[in-house]
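Beneath this line is the structure, given in structure tokens, with notes to follow.
The values are calculated or read from the model by the stated rules, or taken from the named source; none is laboratory data. From a predicted model like this one, the values you see are computed outputs, not experimental measurements. Cβ atoms come from the backbone with ideal geometry, glycine included; neighbour counts cover every protein chain shown. The accessibility values were calculated without ligands, DNA or RNA, using every heavy atom of the protein model including side chains. Shrake-Rupley method; radii C 1.70, N 1.55, O 1.52, S 1.80 Å.
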Amino acid sequence: MAALMAAAPARAGSGARGTPGAGGDMAGHCGARAMAAPLARRAAGSARGVCSAAAQRPWRLFGAMCLLRLPRITQPLEKEEEEVAALMEQIELEKSHYSDHEIRKLEEEEALRRKKESSYDEDEARGKTVIMAQDLEEKWEQKFLSFKAAPRITDADKNNDRTSLSRKLDSNLMLLVKQKIGNQELWLLPQVEWQPGETLRNTAERAMATFLGDHIQAKVLGNAPYGIYKYKFPRAIRTENNVGAKVFFFKAYLQSSDLSRAELKADYLWVTKKELGDYLKSEYLKKVNRFLLDL
């Protein structure tokens, strides 16, 4: 009897040490709660830190769109290029075969020669077309002489109208708009500030729509920016949580030169790469020139 009573506390004690039993389950739950509480506090602290960091972002983000009108005509050839082109044309002519029209013309000339020599059989002419190859060439020559090519130099070029797309037809044209930055009005690529929930490409597309309206037809190239421009605000307005701005540049090609439905909402210009220096500040211009090709 004494032995049984002595064993009972031992079993109760073993249950408290974590062996299967009611005591062990309760201790396990208490331990789990004790460990979970610090973890929850750490997670909550981390979440507050993330939100705090997002709210205190020191750099303001902007998306800008480099909208290009591609060349409409080829550039005039240099002297060396003209010489090479003439040489290649001569080589191609010497190595080429007669076309169907040239073969037909040779056959007709042979038939006329035989006719003059009285060895021409009238039966051979039956079923032949009345229009001779020579007649066709004369017709084509008259049509060519009446053709008048459009001028390479347009009225917009003569008037130096930099708001027109009908100028510098052999070069790229880039859109610049006048925007107010602080107390200054500057010529820049169309740009707006990034909003939460947007991708940077979305921001750049919104910048284009803001200044040109929703009817613009353009093809955006890629989802990654082509360049970045970073600058700090003046010391008078600079704070720890408002250091400066980062502008991410995207590129798009204008697919239609008809801007009759565009809703231009600011002063704007269409300029070539060489003309950018007349409007952009030097540091901004350097960043733009890094990704802008004028072939």
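Listed values, structure above:
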quantity: Top-ranked residue in the range 266-289 [being touching a strand residue (DSSP E or B) at 6+ places or on another chain (Cβ under 9 Å) and in a loop (DSSP other than H, G, I, E, B); ranked as surrounded by the most Cβ atoms within 10 Å (Cβ to Cβ)]; calculated: Leu280
quantity: Residue count, the range 233-265 (criterion: touching a helix residue (DSSP H, G or I) at 6+ places or on another chain (Cβ under 8 Å) and open to solvent by 30 Å² or more (accessible area, probe 1.4 Å)); calculated: 5
quantity: Complete set of residues in the range 103-130 that are outside any loop (DSSP other than H, G, I, E, B), charged (D, E, K, R) and at pLDDT 70 or above; calculated: Arg104, Lys105, Glu107, Glu108, Glu109, Glu110, Arg113, Arg114, Lys115, Lys116
quantity: Of the criteria (1) at pLDDT 95 or above; (2) open to solvent by less than 50 Å² (accessible area, probe 1.4 Å), which one Asn202 fails; calculated: (2)
quantity: Residue match in the range 203-215 (condition: in contact with a Pro (Cβ under 6 Å, 6 or more places away or on another chain), of a type in the set (Gly, Ala, Ser) and on the phi < 0 side of the Ramachandran plot); calculated: yes
quantity: Residue match in the range 233-245 (condition: over 17 Å from Lys178 (Cα atoms), within 23 Å of the chain's Cα centre (by Cα) and not charged (D, E, K, R)); calculated: yes
quantity: Qualifying residues in the range 41-69 (those that are open to solvent by 60 Å² or more (accessible area, probe 1.4 Å) and in a loop (DSSP other than H, G, I, E, B)) - the one modelled with the lowest pLDDT; calculated: Gln56
quantity: Number of the exception - Lys219 against (1) exposed (fewer than 13 other Cβ atoms within 10 Å of the Cβ); (2) in contact with a strand residue (DSSP E or B) (Cβ under 7 Å, 6 or more places away or on another chain); (3) over 24 Å from Asp267 (Cα atoms); calculated: (3)
quantity: Some residue of the range 175-197 being of a type in the set (Gly, Ala, Ser) and touching a Lys or Arg at 6+ places or on another chain (Cβ under 9 Å); calculated: no
